[in-house]
1. Please rank B:60, B:290, B:24, fewest neighbouring Cβ atoms within 10 Å first, as an exposure proxy.
2. Roughly how compact is the protein assembly as shown, stated as its Cα Rg over 2.2 N^0.38 Å to two decimals?
3. Using Cβ counts within 10 Å as a stand-in for footprinting exposure, how do B:72, B:186, A:93 rank, fewest first?
4. Answer rounded, prolate or oblate for region B:367-412, using the Cα gyration tensor with square roots of eigenvalues a ≥ b ≥ c: rounded when a/c is under 1.5, else prolate when a/b is larger than b/c, else oblate.
5. Determine the calculated [θ] at 222 nm for chain B from helices alone, applying -39500 (n - 2.57) to every DSSP H run no shorter than 4 residues and normalising by the residue count; nearest 500 deg cm²/dmol.
6. I want to verify the translational diffusion coefficient of region B:98-186 in µm²/s; compute it with Stokes-Einstein, Rh as the Kirkwood radius over Cα pairs, at 20 °C and 1.002 mPa s.
7. Give me the Kirkwood hydrodynamic radius of region A:251-394 in Å, from all C-alpha pairs, to one decimal place?
8. Considering only A:21, A:106, A:182, give the residue with the highest GNM mean-square fluctuation for chain A, with springs between Cα atoms whenever their separation is below 10 Å.
């Protein structure tokens with residue numbers, strides 16, 4: 001055992017999870033003095049991932065944790081100096097770097113729509129510009145997974161849903177994916193690190209290797225029951241499913257906890273296995289299916305006698321859309337005289353909406369009707385919840401003058417995000433729950449306030 | 001600055017990047033004694049990612065580094081104990097866990113085909129079974145990125161190609177993606193951590209925020225030139241490209257290093273900008289394009305006056321196939337008497353090929369013709385390179401009785417993998433270089449050796 005040489009510990013700071021151009025801009029801005037200009041950066045999606053009907057914000061708690069570790073130590077500064085990324089003046093600035101600004105944003109687990117100001121970072125150009133990559137990395141990845149997971153969770157209804165896709169994601173990404181899936185309605189994960197770091201329930205019993213390790217399937221079943229008890233789940237499709245089920249009940253008795261099926265045409269196989277189990281008297285033995293499921297396959301199994309789903313690849317890869325595609329844009333800044341100016345890129349295909357935003361979800365009889373986004377140049381005229389009593393204010397303060405609200409951190413933050421997500425999902429109109437590609441379920445309405 | 005509380009350092013071991021069922025199986029195997037059986041696990045792809053013509057192995061060096069940190073310390077054991085994942089006997093086993101077996105595999109950067117034994121792990125069931133998730137996580141993620149990157153690198157030909165997709169990948173995944181893209185032919189990355197950890201060249205100058213921070217585009221250009229010199233690249237599409245180019249040359253002179261275009265219909269825009277630059281006398285000013293490129297868009301720009309490409313989302317997400325989908329299967333084990341038995345799952349749609357494998361690439365006049373895989377039950381009869389003088393042996397020893405070959409680690413391992421990849425890509429038949437979906441470019445031939 002050698003903790004000192006361990007892999008992740010080689011990266012004690014998150015500050016280099018950063019695109020080089022952010023430090024190049026910082027360097028140039030310190031030269032011409034523009035580094036001191038106060039700025040508002042906004043993180044938002046121009047569209048929803050995969051032409052879906054709603055987006056799900058995830059990653060906020062992780063990002064806040066990463067920002068606490070975003071500092072430039074001797075090792076980071078040496079790399080920047082040796083590679084001439086920045087000059088000596090910028091190195092001196094980075095030595096003391098600490099984000100002292102304010103971050104507001106949608107609560108983790110909240111739904112979002114095109115143009116929703118998911119995260120707003122306010123500070124000097126120098127302190128805010130360097131956070132672009134890390135903010136986007138965390139929120140784009142986690143929100144893409146959460147979006148897919150929410151759709152699967154809706155399709156699964158009350159049936160338990162477990163995430164088991166670690167093997168199809170990068171090793172750290174897998175932990176983040178397990179966390180995002182749990183926030184969006186999954187009940188458990190196979191990933192032990194997600195259990196340790198984020199307090200997510202973990203699950204799992206045996207793979208095909210367990211059966212193949214033994215001289216016969218029966219020996220494998222006996223050994224598993226002996227070690228894990230009769231409530232375990234036996235994997236019955238290593239050789240022949242019908243024989244496997246028959247053996248499972250012969251070995252375990254009719255009180256066997258469950259069987260798992262990982263191959264075949266699942267609606268057919270599930271019906272056959274249920275009939276076989278019932279005929280054997282194992283009427284309470286549960287059926288778990290785990291073969292290449294996505295939200296569409298889960299929906300197609302709604303009428304099948306399936307008790308639980310395990311989902312791998314499709315949830316950790318965002319079911320066809322592995323990134324939420326959100327961007328981080330400067331939307332307002334002070335000029336040389338200290339007055340606020342709204343700014344926006346004008347490029348034909350990537351235009352964005354300048355100005356500071358306040359976001360509300362309007363509701364009618366508890367059902368969401370629109371994403372209302374008030375836009376202003378300055379700060380004095382921003383509306384508040386009091387101005388929109390019929391609507392829910394969507395932004396909360398996450399970091400106040402450099403101080404993080406600890407309620408969003410750690411396992412407690414995850415639990416709160418999951419509860420929030422499941423609560424606000426109830427506000428969606430029924431049409432938002434359909435799985436097919438479509439327009440966003442709510443219109444985004446921008447309102448300029450003078 | 002507070003290194004002690006930094007995020008990644010909270011995970012000093014990689015041992016919990018593991019699916020729970022591996023430890024559950026270990027627990028049961030220690031109970032019935034099967035934990036001591038010697039096993040051969042094989043990591044392979046049933047098919048190529050995205051119906052492509054070849055696969056690229058990437059992640060091997062990262063995996064070997066992670067395996068060195070795969071140990072169960074007090075914190076990991078406490079989690080397993082408190083959550084009743086395993087019993088006291090298994091905790092004692094894990095306290096002393098260290099992989100003492102042998103790992104052979106394809107060299108990092110090597111090409112692979114359906115059924116290629118990309119990685120082979122030999123050891124007791126107990127020590128080998130727990131490596132399934134981490135091996136798959138690393139190789140599936142990195143190989144998916146490398147596969148997409150190789151196709152982009154082929155499409156780009158001699159033009160420089162930079163990876164800049166960190167914002168569209170999880171923060172650690174982004175570093176791994178930059179590394180995989182570099183191995184598969186990219187020349188640089190925007191990701192600073194990839195520069196520090198893996199020695200990959202980094203690049204980047206300015207974003208739209210830089211222009212928007214200033215009162216005019218001209219001021220922004222002047223400030224950038226003042227700070228970074230005239231060889232820098234100016235981003236010219238914040239407002240209007242034609243005006244931007246004109247201003248760029250007015251401010252920087254005709255020796256300006258380059259302009260970057262991040263929007264618009266690139267073939268049209270590139271031609272217009274080239275004509276404008278030439279007319280202004282800036283004949284050596286380079287054009288870099290960076291807007292939503294993938295291998296198809298790069299190929300479509302082959303005849304356009306583009307000097308360099310920057311690729312984001314599509315490379316870090318595997319261009320539509322974010323995981324290589326490889327699996328980790330028990331293919332041989334000893335029985336109670338110590339004799340070797342080939343084993344394989346028989347499930348209709350997921351059958352695999354039991355037995356230990358030796359892999360060769362056959363060549364004719366330097367062009368690869370097939371993936372030749374010899375299959376045997378035991379070890380004595382395995383063929384070696386001497387048995388196939390016309391072919392290239394594909395497997396090397398990565399870990400020998402627990403000792404890692406250090407040549408594969410760190411930046412030196414990355415350099416070696418990149419060189420190996422570019423060399424073996426030259427062996428591919430021309431039809432393998434096409435971008436369209438198709439069958440694998442080489443047939444896989446399994447040969448049973450008695």
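Read-outs throughout are calculated quantities, based only on the coordinates presented, and are distinct from any laboratory measurement. Keep in mind the model is a prediction, meaning the values are calculated, not measured. Because the Cβ atoms are built from the backbone with ideal geometry, glycine has one as well, and the counts that use them run over all protein chains shown.
1. On the way: B:60 29, B:290 19, B:24 23.
Starting with the residue having the fewest Cβ neighbours, the order is B:290, B:24, B:60.
2. On the way: Rg = 27.7 Å, N = 900, 2.2 N^0.38 = 29.2 Å.
Normalised by 2.2 N^0.38 Å, the Cα Rg of the protein assembly as shown equals 0.95.
3. Starting with the residue having the fewest Cβ neighbours, the order is A:93, B:72, B:186.
4. oblate
5. -10500 deg cm²/dmol
6. 146 µm²/s
7. Details: mean 1/r = 0.0484 Å⁻¹.
It is 20.6 Å.
8. A:21
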